[in-house]
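Contents: one structure, followed by commentary.
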Amino acid sequence: MRTWTVWDAVALVERSWVWMAFVTTPVTITVGAGWSFLADGGIGRPEGPPALALTVFILVVVAGLVTVGGGIVALPCTYALGWALARISARCSVHIVAHALLAGGLAALCVWLLETYWSHAWAPLPYLRLLIAVSAAAAAAIATWRTDSRGRGAAATAPRPRADVRS
């Protein structure tokens with residue numbers, strides 16, 4: 001059984017950040033903003049689509065920058081969780097679910113702290129915490145799944161030592 005190292009945690013957080021910053025967060029924010037836009041009836045207003053596009057752009061850029069801080073916060077937690085899961089030799093699906101729950105919970109906590117720090121009234125989208133938490137959980141699940149599938153593929157193709165054959 002392979003042990004979990006700090007570099008494994010760093011690699012997983014890095015992969016999760018890339019997935020979150022460039023895939024899951026932009027998709028989640030676009031869907032959430034579009035949903036909010038349609039629910040508010042902004043489709044008929046002339047300023048609606050440009051305001052929506054600007055809101056989505058600003059949120060995606062800010063979220064991408066904030067996720068760097070989230071990755072730093074997640075690093076010790078990811079290391080501890082990975083180390084614990086490696087010690088009990090948990091299945092791949094347990095790793096995926098555990099890391100997704102950890103990332104989603106930490107993302108919701110970080111967004112809540114940012115909202116509290118700036119203002120209780122600041123919320124550009126309803127359920128922003130939930131949107132970012134889902135985005136982080138999805139990114140962590142994808143990164144963990146891809147990391148585990150790479151590790152299994154490499155182990156499966158490695159040459160196995162031959163047993164001693166005595167004639």
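The values are calculated or read from the model by the stated rules, or taken from the named source; none is laboratory data. As the structure is a prediction and not an experimental result, all values here were calculated from the model. These accessible areas exclude ligands, DNA and RNA; they are computed on the full protein's heavy atoms, side chains included. Shrake-Rupley method; radii C 1.70, N 1.55, O 1.52, S 1.80 Å.
Assuming a ≥ b ≥ c are the square roots of the Cα gyration tensor eigenvalues, decide whether region 54-99 counts as rounded (a/c under 1.5), prolate (otherwise, with a/b larger than b/c) or oblate. Note, shape of region 54-99 comes out oblate. In order along region 131-144, the Karplus-derived 3J(HN,Hα) couplings, from 6.51 cos²θ - 1.76 cosθ + 1.60 at θ = phi - 60°, round to 4, 5, 5, 5, 4, 5, 5, 5, 5, 5, 5, 5, 5, 5 Hz, and Gly and Pro are given as x. Averaged per residue, region 1-81 has 61 square angstrom of accessible surface, using a 1.4 angstrom probe with ligands and nucleic acids left out.
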